[in-house]
Structures are given as C-alpha cells and as structure tokens.
Amino acid sequence: MNIPIDIDSCVTLHLSLTLEDGTVAESTFGDEPLNLVMGDGTLVRGLELGLYGLRPGDSQRLELYPEQAFGLRDPEKIHRMPRADFDDEMVLEPGVIIGFETPEGEEIPGMVRAVGDESVEVDFNHPLAGHTVTFDVEIIDVVQSEQGESD
C-alpha cells in the first residue's frame, strides 16, 4: 500500500546531509537505509516537517536554515574550564571532541576550541549549529503505526 508519511509513521528512507560548501557530512545512499518513527527525535524538526505527506518512491531536497536544523550558535554554550579538570593523559588540542557528563547523568559532546596553561575553552554547541544545510531524501517505505490503524 502506498500511504503518505503521517505522525507516528514508521519510515524507511535514504538521506544525505550536505553543508554550504558542498561537503557531504552524512549519507545513507549506497548503504543501509535509515528506519525511524516520525516524531521519535531521530530527525531535526525542520527535516521531519518536510517529510509529512511524502510516499514511498518520493524524493525531496530540503534546504534548512540554522533555525530549522541544528540551531544558531550560542555564545553561552562556550565555557572556560580549569585545565586541572582534565586528565593529564588526555590529548587537548583545538578540534578534539570530548564527552562530558551533565549533573543529570546525560553525556554531551564538547569541542575543544583553545587550550591554555590554566584553562581549556570548550564549545558545547552542536557542530552544525549556525550552518544552512541541505537534506536529500528518498522515501523507501512507509508503514502506519499500530495506533493509527485502530481508527
């Protein structure tokens, strides 16, 4: 059955994510497709909204501004941390991504921006924050969730 994507649909698709300079940051084309449930948080909201109504066999190209994709860069998410908070054996240089644990026990990535004798500057913005990105998608299959079938 050729049903459109709706809330809670189980979707199988290929997607690629391309940056402003043409660099392909991620792609499932030529590899295993992605399986997800609409609304489960797998996709950024702007991409998810652009998929509703598409059917198996449809392709779509969506250009998303930072606000629609990974957000704007937030200077409040850049922190100076004491150098002593880092293990002596840890390689600290600009561009290195380190996992940090929040007080709630959640792990979040931070990218080292600068290293000084006394402090380390860490950026907790999403690496793609501030970028306009292009998603190319190809819908392979759509299955209505159990909830939608009980109507």
Query raised in the report: Going by the structure shown, is Gly99 surrounded by fewer than 16 Cβ atoms within 10 Å (Cβ to Cβ), more than 28 Å from Leu17 (Cα to Cα) and of a type outside the set (Val, Ile, Thr)?
Result: no
Report task. Just need a number here: residues in segment 120-136 that are polar (S, T, N, Q) and part of a loop (DSSP other than H, G, I, E, B). Result -> 2
Query - Scan of segment 66-119 for residues that are charged (D, E, K, R), in contact with an Asp or Glu (Cβ under 6 Å, 6 or more places away or on another chain) and farther than 28 Å from Glu48 by Cα, ordered by number - result: Arg80, Arg83, Glu101, Arg113
Requested in this report: Answer yes or no as to whether Asp40 is acidic (Asp, Glu) and within 19 Å of Val143 (Cβ to Cβ).
Outcome: yes
Report task. Could you check, for segment 1-11, whether at least one of its residues is of a type in the set (A, V, I, L, M, F, W, C), under 16 Å from Asp141 (Cβ atoms) and surrounded by fewer than 13 Cβ atoms within 10 Å (Cβ to Cβ)? Result -> yes
Report summary line: If we ask which residues in segment 46-94 are small (Gly, Ala, Ser), in contact (Cβ under 8 Å) with a residue 24 or more places away in the chain and surrounded by 16 or more Cβ atoms within 10 Å (Cβ to Cβ), their number turns out to be 3
**Report entry** Failed condition for Leu62, given (1) at pLDDT below 95; (2) touching a helix residue (DSSP H, G or I) at 6+ places or on another chain (Cβ under 7 Å)
**Finding:** (1)
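The values are calculated or read from the model by the stated rules, or taken from the named source; none is laboratory data. This structure is a prediction, so every number in the text was calculated from the model and none was measured. Cβ: placed from backbone, ideal geometry, glycine included. Neighbour counts: every protein chain shown.
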